Amino acid sequence: MAKKTSLYEYAWRLPLILWQGLFFVGPLLLMVAMSFWLVRNYRMEPDFVFNNWDRMLSRDYFWNAYFVTFWRATLAAILASVLAFPASFALAFRASDTVRRWAVFFLIVPFFTSYLVRIYAWQVLLAESGPLNAIIGFLGLGPFTMLNSGFGAMVGYMTLVLPLVVILQTFSLAAIDKSLIEAARNLGANPRETLLRVIVPAAKVGLIIGFVFAFILSFGDFVSPFYLGGSNPPTLSILIVDTTKSGQQWPRAAVVAVMMIATLFVVAFAAVAAAYRKRS
Amino acid sequence: MTNMTPLVTFKDVKKSFGAFKAVKELNLEIGRGEFVAIMGPSGCGKTTTLRMLAGLEAPSSGTITIDGQEMNDVPVHDRDTPLVWQSLALFPFLNVTENVEFGLKMRGVAPDERRTRALQWLDRMGLKGFENRRIDELSGGQRQRVALARSLVTEPQMLLLDEPLSALDAHLVIRMQGVLTKLQKELGITFVYVTHSQSEAFAMADRVVIMGQGEIAQIGKPQEIFRAPQNRFVAEFVGRNNILEGVVHGDIITIDGSDFALPGAPDGPVEIVVAADRMQIHATAPTDAAIAAEFVSEEFAGTGIICYFEGEGGEELKAQVTESQLATLQPEPGKMFWLSWAPDAAHVIAG
């Protein structure tokens, strides 16, 4: 017997549905539509032409930006996952409950401060004449150019995603049934084999979700590639800003945005499917 | 036939968790091919003892020897002590065959051989046709057998079991008891079985170790533990026992004003134990000595019916009867009966 959903229950769901409809689905559809519009005399006119798509997808600068963005986001996700794992492992398996609680708290603290402010702080730290180069200088090395480079952008991405990835990994590792780990050891698996054959597979969902978050946040980020990466080479988010500024080309920017969202949809969907894939 | 040196020796083994002494001065030998049950209430140290044997806990002091080798510094993965967990701890991300193969894979057995051996064990455990199932597609009894196959496929010299049947339905428990005893006889290896259930321990084990508060309270064959508990703790833990206090004077014990023969007991106040199935119930006062008691309730207990009585001193008394005996007695709460026992049914608790 199917239970009828009461008006009361709908009433509680409505705000979320309205919000998502008005501020996510609506603008998304508008943006897709806009990618087919025309710009005449610096003014947009609704239309249905493929000019923008044709123009953007046939240009090298678009594809260069696309691959740079994709590659950097992939690298950031790998780097964040790898850098986070030892810390997450220690927090999940070695730390006491008290230490773990404090650690999770301190991993949330970075989010108190605006991301932009933290990136400005990095600009100071990483500058040619900044404190980091001063320290390196004491060792008789450097100075190194760290700003306006891929390295700078990567530092920014890590600032953005590392705390979150550590939190996600820690929770998924801590949730592993400890007897599975003991069973692996009991059946002759040494610590390395236990890690690879039992701990990683058992925490797979959390590890993949952490990776995907790192990818998504880095892929769409504008702040780090702009302020630390020096817009060189430009990423897709920088390309969007440039395109809108130059001649009010909002429809072309919409093409870039639609491509980004399509990519993220594919990546997120594939990752979640892989995370929850049941073997038979 | 069998080597007479014990397979496992615990010597003065202690284990503390902070201020809590989980195991105090444990000395125990376990023979080759023996089925030993370690039994006791929660927190008695039985699981800690088993985990120390597997290397999952390190003793605070003392030594554990397996097959003549001191194990204190041998890491878990280098021991040959597979354990069957209460939760079974099957790997949910591996299928049935991969679970069973795991131990062989870790020992570097070639893929073809380990597959063959895993399939043989699955067949032996009645799991043919389930080789490629996921763990969450199996019933409780099937999972149990996968866990056994996973532990036994490496042909260990002993198997450790930590309350493996406690999550199963009653009818499955009886069946799995049969499976386990048969396996143990066929393989001829040592089983160390931790449980809080005396029916499981008594049904399967050659020898039962009763633990209480981190110490061994008694070691013996199931019959000995049941008929001749050495102390009040064991007598109470075994249940289905009457513990009676009385005063002995010249082979006679006086309980609640009645005199019962108790040959060979020292004079003075003692406690005796009479098993419920040795208690006789009389509807009228017999000529011989008997304790008057009021009927309280009855309980079906598999093999018979346990009748509960309250003696004049407020003590609880138990007697096991058959269904036809119960029909003859027609007990009702509050009705008076008289309980007695043969002199050889009474056992004096030492200490």
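The values are calculated or read from the model by the stated rules, or taken from the named source; none is laboratory data. Fair warning: this is a prediction, and the values are worked out from it, not measured in the lab. Here Cβ is always computed from backbone atoms with ideal geometry, including for glycine, and neighbour counts include all displayed protein chains. With ligands, DNA and RNA removed, areas are computed over all heavy atoms of the protein, side chains included. Shrake-Rupley method; radii C 1.70, N 1.55, O 1.52, S 1.80 Å.
Tabulated values for the structure
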read-out: Some residue of the stretch A:171-179 being within 25 Å of B:GLY103 (Cβ to Cβ), in a helix (DSSP H, G or I) and in contact (Cβ under 8 Å) with a residue 40 or more places away in the chain; value: yes
read-out: Identity of the residue in the stretch B:203-221, free of Cβ contacts under 8 Å to residues at least 60 places away in the same chain and not in a loop (DSSP other than H, G, I, E, B), that ends up surrounded by the most Cβ atoms within 10 Å (Cβ to Cβ); value: B:GLN218
read-out: Scope the stretch B:179-199; condition within 13 Å of the chain's Cα centre (by Cα) and either at pLDDT 90 or above or surrounded by fewer than 18 Cβ atoms within 10 Å (Cβ to Cβ) (or both); matching residues; value: B:PHE191, B:VAL192, B:TYR193, B:VAL194, B:THR195, B:HIS196, B:SER197, B:SER199
read-out: Failed criterion for A:VAL166 (all others in (1) within 13 Å of chain B (Cβ to nearest Cβ); (2) open to solvent by less than 40 Å² (accessible area, probe 1.4 Å) hold); value: (1)
read-out: Helices (runs of 4 or more DSSP H) contained in the stretch B:76-181 and holding at least 2 residues at the interface with chain A (Cβ under 9 Å from one of its Cβ atoms); value: B:96-106, B:140-152
read-out: Filter result for B:PRO164 (closer than 28 Å to B:THR48 by Cβ and surrounded by fewer than 21 Cβ atoms within 10 Å (Cβ to Cβ)); value: no
read-out: Scan of the stretch A:183-199 for residues that are hydrophobic (A, V, I, L, M, F, W, C) and either more than 8 Å from chain B (Cβ to nearest Cβ) or touching a Ser or Thr at 6+ places or on another chain (Cβ under 7 Å) (or both), ordered by number; value: A:ALA184, A:LEU195, A:LEU196, A:ILE199
read-out: Looking only at the stretch A:250-280, and only at residues there that are open to solvent by 60 Å² or more (accessible area, probe 1.4 Å) and within 15 Å of A:PHE70 (Cα to Cα), the one that is nearest to the other protein chains (Cβ to nearest Cβ); value: A:VAL266
read-out: Output for the stretch A:62-88, where each listed residue is hydrophobic (A, V, I, L, M, F, W, C) and closer than 16 Å to A:PRO163 by Cβ; value: A:ALA76, A:ALA77, A:LEU79, A:ALA80, A:VAL82, A:LEU83, A:ALA84, A:PHE85, A:ALA87
read-out: Failed item, numbered, when B:PRO41 is tested on (1) open to solvent by 10 Å² or more (accessible area, probe 1.4 Å); (2) away from every other protein chain (no Cβ under 13 Å); (3) out of contact with any helix residue (DSSP H, G or I) (no Cβ under 8 Å at 6 or more places or on another chain); (4) in contact (Cβ under 8 Å) with a residue 60 or more places away in the chain; value: (3)
read-out: Some residue of the stretch A:138-154 being in a helix (DSSP H, G or I), over 22 Å from A:SER81 (Cα atoms) and more than 14 Å from chain B (Cβ to nearest Cβ); value: yes
read-out: Hits in the stretch B:323-351 (condition: more than 16 Å from B:THR284 (Cα to Cα) and open to solvent by less than 60 Å² (accessible area, probe 1.4 Å)); value: B:ALA342, B:ALA345, B:ALA346, B:HIS347, B:VAL348, B:ILE349
read-out: Candidate set: the stretch B:59-73, residues that are touching a residue at least 24 places away in the same chain (Cβ under 8 Å) and more than 13 Å from B:ASN27 (Cα to Cα); chosen: the one surrounded by the fewest Cβ atoms within 10 Å (Cβ to Cβ); value: B:GLY68
read-out: Residues within the stretch A:194-249 that are among the aromatic types (Phe, Trp, Tyr) and either within 20 Å of A:MET56 (Cα to Cα) or open to solvent by less than 10 Å² (accessible area, probe 1.4 Å) (or both), tallied; value: 3
read-out: Residues located in the stretch B:199-250, provided they are more than 27 Å from B:PRO269 (Cβ to Cβ) and either aromatic (Phe, Trp, Tyr) or in contact with a helix residue (DSSP H, G or I) (Cβ under 6 Å, 6 or more places away or on another chain) (or both); value: B:PHE202, B:ALA203, B:MET204, B:VAL208, B:MET211, B:PRO222
read-out: Count of the stretch A:132-151 residues which are open to solvent by 60 Å² or more (accessible area, probe 1.4 Å) and touching a Leu at 6+ places or on another chain (Cβ under 8 Å); value: 2
